[in-house]
Amino acid sequence: MTKQVLIIGGGVIGLSAAFECQRRGNQVTLLESTKCGGQASGAAAGMLAPYCEIEEDPDEFFLLCQKSLKLFPEWQKEVKKYASMDFEYNNSGSLYGIFHEADILGLETKMSWQKEFGVGARIIEGKELEKKEPGLSKDIIAALWCPEESHIYAPDYVKALETACRRLGVSIHDQLGMLKINEHNGQLTVLAPDGTAFEGDTIVIATGAWSQMWEEIFPYSFPVFPIRGQICAYNEIEPTNHIIFTSQGYLVSKGNGTLVCGASEDIAGFDTSVTEKGIERLEKWNRKVLPALHNKRPFHKWAGLRPATQDGFPLIGKLSEYPEVIFATGHYRNGILLSPITGKIVANELEGNNNPVPIERFNPERFITL
Amino acid sequence: MQKNLVIAGHELKSRLFLGTGRYPNPYIQNKAIEASETEVLTFAIRRVNLQDPHEDSILQHVGGRYFQFLPNTSGAKNAEEAIRIARLAKASGISDWIKVEISKNEKTLLPDPIETLKATEVLAKEGFVVLPYISDDPVICKKLEEAGAAAVMPGGSPIGTGLGILNPYNISLIVEELNVPVIVDAGLGSAADVTQAMELGADGVLLNTAIAKAKDPIAMAHSIKHAIQAGRLSYLAGRIPKKKYATASSPISSGI
Ligand SMILES: Cc1cc2nc3c(=O)[nH]c(=O)nc-3n(C[C@H](O)[C@H](O)[C@H](O)COP(=O)(O)OP(=O)(O)OC[C@H]3O[C@@H](n4cnc5c(N)ncnc54)[C@H](O)[C@@H]3O)c2cc1C
């Protein structure tokens, strides 16, 4: 049965949910306060790197990330097909570089539990490391090589998602200002600041770092808040062969010839400005990783707001008292990676289908108010 | 008046030592640290940007307040490595306190007692304030004290397991036999575990995962702070002996 779906928020999560729901035969209306992809999603480095990101725990979040990584090859093809647009999707693999012998134990711990999930990673050093990534600093004594990790050019990916949605018939309304939800006689209505009202069978909340605002209407606590990421890019630089991770940041070469380096984790409210201190810190560190950067300055600097949560897990799923409301937010550092799986879970929740991975840990009602 | 904990002449109002790893994000980390009222923060030296500690991805967020830093040698597989890492940390100026943590097994991360003893001896002689992480064995704990440890940190159970105190008997023996402070480190999962450690007479506890990975780390930090106070007071107050049968709490009047 065709459902009328309202999606609030046009970041990568809202767009992915729209793409999947519309593809499955529902009628989606996507509502965005400014412009699609204008917030965190357009700012991201586009790494699809759960094995580097997740250090300690084989928990449900790891499973969610791994599943999404595995969905990517097929998913990105579909997005390209419906959009008739191309974007960079690069199976470069990654290197997690370490500077101390004491880091080997940590890498071994991670490798040993991830192996049980079929992750093919290996510690490489010396000549082999040098051959794989000649530009790397000699102070990096070894690296964990994860051949399955990939990256995507996030701004183009988000544009393609938006185009694919439009071509599939999603009705996209942007520049609406901050929407609210009103309840009247048990009926939920989405309201724009100019008074325009939108109604549907289901409302999907994909409002990223702004999601705490829904505490006003629903009787739950939604501890989602912004953590700013400052990031920069260099040009005219020898590209690296892999995504390069370290304890302090990452570097990734894009097909357009730039080298993207991120990112800070600042507590700065909803401020998206770039600070000198934030970028200098990245620059200083980058030179320790890639000596070729010693006399280079980034040509481009920007920042975005990651939707962080109280326990580090996203909020994905239905509200029990409002089964017509589906949350899909709080993806923090991994929203690009998690976009395919989140799109699919939203569509499954809409249709009452089973999910390919357990989502109980992501229950949007799990937080109590003290 | 309760006495404060003193380690190497340094007086601490809080008996909580807190790890800085595994928090979901810096905002939650800061709030949890604040709520816990801890004065001692521990972190792995290998992870820190030693040239610019104030620019480090974790340490930069705790700037502005005064903490006693307790860098640890986690990841070291033998005494030699641990000593090398400790010297790096001291040279960087972040602290002359060092938590010696040496393990070989990547699954259990249990401490290697022999290598820990070696490293403690050397580092104490070099003037470090050494706090070794060690198994809950009273004999090795005593030897560490003799080797110059400023405090000894026996584990309740393996790091990050939340299994609590597996051998309370040993912990109470360690408390009895040592003159330096005993800080129960590793494996504590909740307020109950912390209260138990303090009731056994520990001088303090070191936690990380129990707070960082709680659903609400800030609330858990509050809870742990109170658990330490409750356990400490209970220890000082002196618990009643355990008996097999009931004793009426309102005594039957004897005189008629
Ligand atoms: C510097 C940086 C680097 C990153 N790198 C990576 C990476 O390499 N890999 C990765 O997987 N992730 C990365 N991320 C994280 C990723 O960008 C986010 O997790 C993801 O973009 C979140 O998507 P979203 O759609 O939830 O949020 P957003 O993209 O922020 O979208 C939310 C949208 O909702 C709109 N909105 C909010 N409230 C309302 C309202 N009331 N009414 C109408 N509209 C509303 C906003 O205008 C916005 O457009 C990075 C983030 C940053 C900042």
remark   = Output field shielding_mean for A:11-24 (other chain Cβ, 10 Å radius) holds 0
message = Please list, in order along region A:250-255, the HN-Hα scalar couplings obtained from phi with the Karplus expression 6.51 cos²θ - 1.76 cosθ + 1.60 (θ = phi - 60°), rounded to whole Hz, x for Gly and Pro.
response = 9, 9, 8, 7, 9, x
Packing-based order for B:107-119, B:163-175, using average beta carbon neighbours within 10 Å, highest first = B:107-119, B:163-175
task = Name the long-range amide H neighbours of A:Val325: under 5 Å, sequence gap of 5 or more, or other chain; modelled H, no Pro or chain starts.
result = A:Ile203, A:Leu319
note = In this structure, the FRET efficiency calculated for B:Asn167 and A:Glu56 from their beta-carbon separation, with R0 = 22 Å, to the nearest 0.05, is 0.30
request  = Determine, from the Cβ-Cβ distance of B:Asn78 and B:Asp52 and an R0 of 25 Å, the FRET efficiency 1/(1 + (r/R0)^6), rounded to the nearest 0.05.
outcome  = 0.30
ask   = Along the Cα-to-C-beta direction of A:Ile368, a point sits 7 Å from the Cα; which residues of region A:209-235 have their amide N less than 14 Å from that point?
value = A:221
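Find the relative contact order for chain A and round it to a whole percent, using C-alpha pairs within less than 8 Å whose residues are 6+ positions apart.
Values: 804 pairs, mean separation 91.4, N = 370.
After rounding, I find 25 percent.
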note = With x for Gly and Pro, the residue-by-residue ³J(HN,Hα) of region B:204-213, computed from phi through the Karplus equation 6.51 cos²θ - 1.76 cosθ + 1.60 at θ = phi - 60° and given in whole Hz, is x, 9, 10, 10, 9, 4, 4, 8, 4, 9
In Å², nearest 10: area of A:Ile123 left accessible to a 1.4 Å probe = 40 Å²
message = Given contacts defined as C-alpha pairs under 8 Å and at least six residues apart, what's the relative contact order of region B:111-154, whole-number percent?
response = 44 percent
Listed peptides A:309-321, A:11-23 by packing density, highest first (mean Cβ within 10 Å) = A:11-23, A:309-321
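Given a 1.4 Å probe and heavy atoms of the protein chains only, how would you sort A:Ser137, A:Ser171, largest accessible area at the top? Show your work: numbers first, answer last.
Details: A:Ser137 10, A:Ser171 40 Å².
The residues order as A:Ser171, A:Ser137, largest area first.
Any idea of the accessible area per residue across chain A, 1.4 Å probe, to the nearest Å²? Before the final figure, lay out the partial values.
Numbers: 14470 Å² over 370 residues.
Using a 1.4 Å probe on heavy atoms only, each residue of chain A averages 39 Å².
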inquiry  = Rolling a 1.4 angstrom probe over the protein chains, ignoring ligands and nucleic acids, what is the accessible area of B:Thr161 in square angstrom, nearest 10?
reply    = 70 Å²
task = Springs between alpha-carbon atoms under 10 Å, Gaussian network over chain A: tell me which of A:Lys77, A:Lys138, A:Lys115 tops the mean-square fluctuations.
result = A:Lys115
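Report the extension gain between A:Arg287 and A:Glu351 in nm, rounded to one decimal, defined as 0.36 nm multiplied by the number of residues separating them, less their alpha carbon distance. Could you put the intermediate results ahead of the total?
Numbers: separation 64, 0.36 × 64 = 23.04 nm, distance 5.02 nm.
Full extension of this stretch gives 18.0 nm more.
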ask   = So how much accessible area does A:Arg297 have, in Å² to the nearest 10, using a 1.4 Å probe?
value = 150 Å²
message = If packing is taken as the average count of other Cβ atoms within 10 Å, what order do A:174-181, A:48-55 fall into, highest mean first?
response = A:48-55, A:174-181
query = Which of the pairs A:Lys67/B:Lys104; B:Lys104/B:Lys142; B:Lys104/B:Lys213 have their Cα atoms more than 28 Å apart in this structure?
reply = A:Lys67/B:Lys104
message = Cross-link candidates for A:Lys344: which aspartates and glutamates have Cα within less than 12 Å, leaving aside residues fewer than 8 places away along the same chain?
response = A:Glu20
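For region B:12-237, what is the relative contact order in percent, using Cα pairs closer than 8 Å and at least 6 residues apart in sequence? Can you show the working numbers first?
Details: 495 pairs, mean separation 43.9, N = 226.
With pairs under 8 Å counted, the relative contact order is 19 percent.
Sorted by accessible area with a 1.4 angstrom probe, largest first, how do A:Lys254, B:Lys242 fall? All intermediate terms of the calculation are to be shown ahead of the outcome.
Details: A:Lys254 15, B:Lys242 170 Å².
Ranking A:Lys254, B:Lys242 by accessible area, largest first, yields B:Lys242, A:Lys254.
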Other protein chain Cβ atoms within 10 Å, averaged over every residue that makes up B:216-226 = 2
task = Would you kindly derive the ³J(HN,Hα) couplings of region B:230-247 from the backbone phi angles with the Karplus curve 6.51 cos²θ - 1.76 cosθ + 1.60 (θ = phi - 60°), listing them in order in whole Hz, with x for Gly and Pro?
result = 4, x, 5, 4, 4, 4, 5, 5, x, 6, 6, x, 7, 10, 7, 10, 5, 10
key: Too-long pairs where the Cα-Cα distance tops 18 Å, listed order kept, from A:Lys77/A:Lys159; B:Lys3/B:Lys90; B:Lys77/B:Lys125; A:Lys301/B:Lys31   = B:Lys3/B:Lys90; B:Lys77/B:Lys125; A:Lys301/B:Lys31
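Please arrange B:Tyr23, B:Tyr235 by accessible surface area, largest first, computed with a 1.4 Å probe and ligands excluded.
Values: B:Tyr23 30, B:Tyr235 90 Å².
Sorted by accessible area, descending: B:Tyr235, B:Tyr23.
Antiparallel DSSP bridges in region B:12-237: what percent, to the nearest 5? List each step's numbers first, then the result.
Numbers: 1 of 25 bridges.
Rounded to the nearest five, the antiparallel share is 5 percent.
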Antiparallel bridge percentage (DSSP; both residues within chain A; nearest 5) = 70 percent
ask   = What aspartates and glutamates could a cross-link reach from A:Lys288, if we take a straight Cα to Cα line under 15 Å and drop same-chain neighbours fewer than 8 places away?
value = A:Glu133, A:Asp139, A:Glu280, B:Asp52, B:Glu55, B:Asp56
Theoretical FRET efficiency, 1/(1+(r/R0)^6), r = Cβ-Cβ of B:His10 and B:Glu37, R0 22 Å, to 0.05 = 0.85
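Between A:Arg122 and A:Ile141, what length in nm is gained on full extension when 0.36 nm per residue of separation is reduced by their alpha carbon distance?
5.4 nm
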ask   = For chain A, modelled as a GNM with alpha-carbon contacts under 10 angstrom, which of A:His184, A:His151, A:His294 fluctuates the most?
value = A:His184
message = How shielded is A:280-290 by partner chains, expressed as the average number of their Cβ atoms within 10 Å of its Cβ atoms?
response = 2
inquiry  = Quick check for you: with a 1.4 Å probe and neighbouring chains kept, what is the accessible area per residue of region B:12-237, in Å²?
reply    = 37 Å²
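Probe radius 1.4 Å, ligands and nucleic acids left out: can you give me the accessible area buried at the A-B interface, summed over both chains, in Å² to the nearest hundred? Show your work: numbers first, answer last.
On the way: alone 16040 and 12990 Å², together 25980 Å².
Counting protein atoms only, the buried area is about 3000 Å².
Ignoring any ligand, DNA or RNA, what whole percent of the accessible area of region B:1-43 comes from carbon and sulfur when the probe is 1.4 angstrom?
On the way: 810 of 1780 Å².
So the carbon and sulfur contribution to the accessible surface is 46 percent.
The values are calculated or read from the model by the stated rules, or taken from the named source; none is laboratory data. None of the values given here were measured: they were computed from a predicted structure. Cβ: placed from backbone, ideal geometry, glycine included. Neighbour counts: every protein chain shown. Accessible surface is based on the protein model in full, side chains and every heavy atom, while ligands, DNA and RNA are left aside. Shrake-Rupley method; radii C 1.70, N 1.55, O 1.52, S 1.80 Å.
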